[in-house]
Amino acid sequence: MGRFSVVVVAVAVSAITISAAMQSWSQTQTSSDKKSGQAQTEYVFRSNVRRVPLDVIVLDKKGDVVRGLTRDDFVVEEDRKPQNVLSFEFFDGAAPSFLPPKIPPLPSNTYVNLPAAPEQGPLYILYYDMVNTPLTRQMEAHQQLLDFVDHAQPGTRFALFANMAGLHLVQGFTSDHELLRAAILSKGPGPHLPDVFLYGDNYGYEDSGAVLSNMKFLAEYMSGIPGRKNLLWLSSVFPIPVGPTMRGHNSNTRVGGGFSSSTLQINDMTYLQSQGIKEAYAALASSQVALYPVDLTGVVAGGDSLTNYEYMDDIAAATGGHAYYGNNRVAELLDKAVENGESYYSLTYSPTNTKYDGSERHIRVTLADKNKNYVLTYRSLYYGVSDDEVQESHAKQVVQQRFLAAKKADTLFATVEHGAPLMHDLLFIAHMSTNGQPRMASAEEMKQLEDSPAYFRTRKKSKNPKPLTPVDLQQYVINYDVIDPQFRATATQQRVPVLEFAAAAYNSDGTLLNSILNKGAISSERRPDGKVDTRFVAVQQLEVPPGAAYIRVVVRNPQNDRTGALEVRLPLKQETHTAQAGAHKEMGESN
């Protein structure tokens, strides 16, 4: 449903200006990195050797971050057996994680995959569990969430999910806190936070199975995105079985833990939930997601509250996070949670136990120097779940099963999801415009739409489904200019550099409407002066069904998996002219 061509686009002048800024920035970054010693990650996403990611937070007696440790300072054990640390890095939350170059103003509907300001720290997921928060706390929690966003450290990247009538992405990852604030205050259309959610009892209040399912979904949503993610779980009740103990919340010493005292629990509850526990904790570990339970209840006297606090501590410890409670000012608790998870040592190891049978794996990290009285926080367990078992768990969710398999193959499918972070490992400019008026889709185009989640129907072997009813399609034209300095430098050394270009349209609920993937090789033709033009300029057409609210575009270099991605909220701005200059030259058919 699209073709792929080389073009000279209207943004070419801006591209040249930005390219010059990029070249200067690239040289400055290299010099700055050498002086500061700050780690600049070249992520390797896929390997024949299965690795366990392990983030370790190290604090001294005062609660300050301990810097300057080396790989040899850490001793890692799995089920009491020493493990060989294969990679080691320190991420310092006190320094920007990414410093963008200064770029000139861009024309209307022209975008570059660079943040407006320096990015700070890892990724943070704000998970507001309204189902498990009493009405009396929801209004106050709403205001506290706004207060937190208003004073959050600039450059910190947040996404906001809400558990109400189902799990909803309210705001995708952004470092623009004004955008996040607007999402909290929004009344729609699309997912938004109600002032109060009245139907918690009907949507899984204190339902551990529902919570495990949400945790698994959030972890799988983040799969394929590199680095640590801190999930700040805002709730008054935390009905999730503790992984290391595999015990129900009210069994034996855990009476009242995570549940109200009136809730009836049986000791074999975790047997019934054992598969859900295994799948959720395995997904959290694989995606490097740490849980930070943040209690919205405030200050409460009595033994039950102390037991609940202990239970929150257990949940956090199992995943490498930290629990926060006992304060009516929730914004302060959130501040502490962000600060706790922003600086860490990131290690990986290949387990000596290569049998992936779904069993619990217990992790222990210590310092080689026993005299160093530091506090270490890290994930204390994971489950050795095989890739086949992950796929089998989605046997009835065909679209999700396909997507997870694709995300394990490369970063393109991880970064094309609605709301995923801005990716700037490969830099590009994209200009978007509409082409003509909407038109009725052909039968062949409707057949191609059948695999998109918005139109997907599970097929029964005994029945052939009726063709989809035709819908109007609006064509969007996306003009790309790849301005990445590293790619342009290596392009002249490679015979025929190839890039992948993906575009996807989503509705306001985040459901995929349609997508397209193209591959293109850089032109090797010489200019009149005899030099080869190393700029990579391309055009792509995406046919978009009704109801589109976002278009996300991704550019990936399959030779090294370097990826760039950005997302645009529709509608586009009105332009005075839409004519695109230049002649078209075919590069190949769409995949």
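Put a dot 7 Å past each Cα toward the Cβ at Val300 and Gln153; how far apart are the dots in nm?
Going from the Gln153 label point to the Val300 one covers 3.1 nm.
Once phi is turned into ³J(HN,Hα) by the Karplus curve 6.51 cos²θ - 1.76 cosθ + 1.60 with θ = phi - 60°, what whole-Hz value does each residue of region 343-358 show in order, with x for glycine and proline?
10, 6, 9, 10, 10, 9, 8, 9, x, 5, 8, 9, 8, 9, 10, x
Multiply the residue gap between Met440 and Arg50 by 0.36 nm, knock off their C-alpha separation, and tell me the result in nm, one decimal place.
135.6 nm
Give the Cα extents of region 155-249 along the principal axes, in whole Å, largest first.
In descending order, the Cα extents are 42, 36, 19 Å.
Which of rounded, prolate or oblate describes region 282-345 when judged by the alpha-carbon gyration tensor and an a/c cut-off of 1.5?
Because a/c hits 1.5 or more and a/b fails to exceed b/c, region 282-345 counts as oblate.
How about region 43-125: which chymotrypsin sites (Phe, Trp or Tyr not before Pro) there are in a DSSP loop, with at most 14 other Cβ atoms within 10 Å of their Cβ?
Passing sites in region 43-125 are Tyr43.
Name the residues whose placed amide hydrogens come within less than 5 Å of the amide hydrogen of Gly341, ignoring near sequence neighbours (fewer than 5 apart) on the same chain.
Placed amide hydrogens put nothing under 5 Å from Gly341.
Apply the Karplus curve 6.51 cos²θ - 1.76 cosθ + 1.60, θ = phi - 60°, to the phi angles in region 507-513 and return the couplings in whole Hz, x for Gly and Pro.
With the stated coefficients, region 507-513 comes to 8, 5, 8, x, 7, 5, 9 Hz.
What's the extension gain from Thr136 to Asp472 if we count 0.36 nm per residue and subtract their Cα-Cα distance?
Gain on stretching Thr136 to Asp472: 116.4 nm.
Between Asp72 and Asp201, how high is the FRET efficiency from 1/(1 + (r/R0)^6) when r is the Cβ-Cβ distance and R₀ = 56 Å? Nearest 0.05.
E(calc), rounded to 0.05, equals 0.55.
What aspartates and glutamates sit close enough to Lys187 to cross-link, taking a C-alpha to C-alpha distance under 17 Å and skipping anything fewer than 8 places away on the same chain?
The qualifying aspartates and glutamates are Glu178, Asp195, Asp509.
In the structure displayed, which of Lys61/Lys102; Lys216/Lys355; Lys61/Lys355; Lys216/Lys370; Lys81/Lys372 lie more than 29 Å apart, Cα to Cα?
Lys61/Lys102; Lys61/Lys355; Lys216/Lys370
With label points built 7 Å along Cα→Cβ from the Cα atoms of Lys519 and Val375, find their separation and express it in nm.
The modelled label-to-label distance comes out at 5.2 nm.
Calculate the spin-label point distance for Asn353 paired with Asp451, positioning each point 7 Å from the Cα along the beta-carbon direction, and give it in nanometres.
3.9
How large is the accessible surface of Asp509 in square angstrom, using a 1.4 angstrom probe and rounding to the nearest 10?
100
The values are calculated or read from the model by the stated rules, or taken from the named source; none is laboratory data. In this text, all values refer to a predicted model and were calculated from it rather than measured experimentally. Methodologically, a virtual Cβ is constructed for each residue, glycine included, from the backbone with ideal geometry; neighbour enumeration extends over all protein chains shown. Note: areas computed on protein heavy atoms with side chains; ligands, DNA, RNA excluded. Shrake-Rupley method; radii C 1.70, N 1.55, O 1.52, S 1.80 Å.
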